[in-house]
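Input: a single structure, listed below in structure tokens.
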Amino acid sequence: MTQSLSSRPAGDAVESFAAAKINLYLHVTGRRDDGYHLLDSLVAFAGVGDLIRVGPSDDLSLAIDGPNAGSLAAEPDNIVLRAARALAAAAGVPAKAAITLTKRLPVASGIGGGSADGAATLRGLCRLWGVSPDETELARIGLSLGADLPVCLAGRPMQMAGIGEVLAAAPNLPPAWLVLVNPRVGLSTPAVFKARQAVFSAQAPLVGSPSDAHALASALAERGNDLTEPAVRLLPVIGDVLAAIAGQPSCLLARMSGSGATCFGLFADRTGAEEAARQLALGHADWWVAAAPLVIRGTQV
């Protein structure tokens, strides 16, 4: 067992929520020599996501169910299994667990679904296997699986820099609601970064805590998502999604999350968000639409 991991009694089957990750803004600030881009982003989470269940087993297995399970059927090695093996190797324990992923979020959609699943798997298996990695060690394991894993492990609003591994507490965010919309078309993150032609942006971390959802929208409007233009060029329907969200009467801000294709609208209250989601779903039956609260204090139980 590594020095930063400590043992405690293993538990019974547990569940872990994998919340959708939302880039409230995203600036590309540079590029490392190894090709990875440097980012500046305010990351938060929505009260909608996947569910991970882990239980005792004599081997390591993964079952996938849920409305978007079919999107993962062709994957030879899901990030959930890679997370389990990485944690077992770091902790010096056998990689044995029966894992079920209930896939509710769309795949390859810019809301960190895979990363959230991997983070939830690590949290659940820590409890199942009775290991207690400190935050630094767990973040190191997460980063080995993907740049978004550390922030998904944090599970609360964070200011993110570097390639995703430099995290700082975000200012307190006000209560707000989100409407998430995905046109059910996947978009490759590397392809979006490759298509980007603009100059690099300056860092613009949020200073101070917005008093309400309107103030948050105003602060975000001074920032943007540097990947929107190349994403729209690659997948023009993203422009249609943004226009449809922005056209909802109560929408305070419409923006793409991450590298797309999921976009979100920011709303002041549940009533406005749920009505907007209803109208969007009625007008675009082929889109994935979900209304959810902005998680402002953390997604972990």
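You will find that of Val93, Val199, the residue that is of a type in the set (Val, Ile, Thr), part of a loop (DSSP other than H, G, I, E, B), over 26 Å from Ile245 (Cβ atoms) and assigned by TED's automatic domain parsing to the domain that holds Phe45 is Val93 and no other.
Among the residues of the range 205-243, those identified as among the hydrophobic types (A, V, I, L, M, F, W, C), buried (at least 16 other Cβ atoms within 10 Å of the Cβ) and either over 24 Å from Ser109 (Cα atoms) or not assigned by TED's automatic domain parsing to the domain that holds Thr262 (or both) are Leu206, Ala213, Ala219. For the range 225-239, the criterion of being more than 27 Å from Leu122 (Cβ to Cβ), part of a helix (DSSP H, G or I) and in contact with a Ser or Thr (Cβ under 7 Å, 6 or more places away or on another chain) is met by at least one residue. Here Trp287 fulfils each of the conditions (1) surrounded by fewer than 16 Cβ atoms within 10 Å (Cβ to Cβ); (2) touching a helix residue (DSSP H, G or I) at 6+ places or on another chain (Cβ under 8 Å) apart from (1).
Restricting attention to the range 103-122, the residues being part of a helix (DSSP H, G or I) and among the aliphatic types (A, V, I, L, M) number 4. The single condition among (1) modelled with pLDDT under 95; (2) under 24 Å from Tyr36 (Cα atoms) that Pro133 does not satisfy is (2).
Taken over the range 53-82, the criterion of being over 22 Å from Asn23 (Cβ atoms) and hydrophobic (A, V, I, L, M, F, W, C) is satisfied by Val54, Leu60, Leu62, Ala63, Ile64, Ala69, Leu72, Ala73, Ala74, Val80, Leu81.
The single condition among (1) at positive phi; (2) part of a helix (DSSP H, G or I) that Ser71 does not satisfy is (1).
The single condition among (1) within 26 Å of Arg297 (Cβ to Cβ); (2) touching a strand residue (DSSP E or B) at 6+ places or on another chain (Cβ under 9 Å); (3) of a type in the set (A, V, I, L, M) that Ala91 does not meet is (1). Within the range 52-63, is even one residue within 21 Å of Gly260 (Cβ to Cβ) and modelled with pLDDT of 90 or more? No, that holds for no residue. Scanning the range 181-195 for residues being assigned to a loop (DSSP other than H, G, I, E, B) and modelled with pLDDT of 95 or more gives a total of 1. Among the conditions (1) under 22 Å from Ser209 (Cα atoms); (2) of a type outside the set (Val, Ile, Thr); (3) out of contact with any strand residue (DSSP E or B) (no Cβ under 8 Å at 6 or more places or on another chain), Cys152 misses just one, which is (3).
The values are calculated or read from the model by the stated rules, or taken from the named source; none is laboratory data. Predicted, not measured: the structure shown is a model, and the values here were computed from it. Note that each Cβ is placed from the backbone with ideal geometry, even for glycine, and that neighbours are counted across all protein chains shown.
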